[in-house]
Amino acid sequence: MNLDPGKMCFGLTDDLDRQSFVTFLQLCGQRELAELLAERMSGEEMLQVVDSFFLLLKKHLSKDEYHRYFLLDPHHHHEE
């Protein structure tokens, strides 16, 4: 599901929204962009982004998925 960044668009169809969101997240994950934003954002702004993102992760990922996909720890197994 690779979408040209210039074709990102939200609000037209669910499929295009999902493709655009994947592309958006991939673009946000670029180290150079992350470093630039970290230099320019205030501590409060960074905390707002982190808090919002973690709320989404907590809502949509199990603990195992969090460790596997976000922390990249494929060996973690949560015991219930």
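Read the figures in this text as sums done on the coordinates, not as results from a lab. This is a predicted model, so every value here is computed, not measured. Using ideal geometry, Cβ is built from the backbone for each residue, glycine included, and neighbour counts are taken over all protein chains shown.
Values computed for the structure shown
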{"quantity": "Rg and Dmax [Cα atoms of the range 1-40; Å; Rg one decimal, Dmax integer]", "calculated": "11.8, 35"}
{"quantity": "Karplus (6.51, -1.76, 1.60) ³J(HN,Hα), θ = phi - 60°, over the range 8-18, in Hz, Gly and Pro reported as x", "calculated": "4, 7, 10, x, 8, 9, 4, 5, 5, 4, 5"}
{"quantity": "Options L12, F24, F53, ranked by Cα towards positive dipole end of the chain, top entry (Cβ charges)", "calculated": "L12"}
{"quantity": "Debye equation applied to the C-alpha atoms of the chain, log10 I(q)/I(0) at 0.12, 0.23, 0.26 Å⁻¹", "calculated": "-0.49, -1.18, -1.18"}
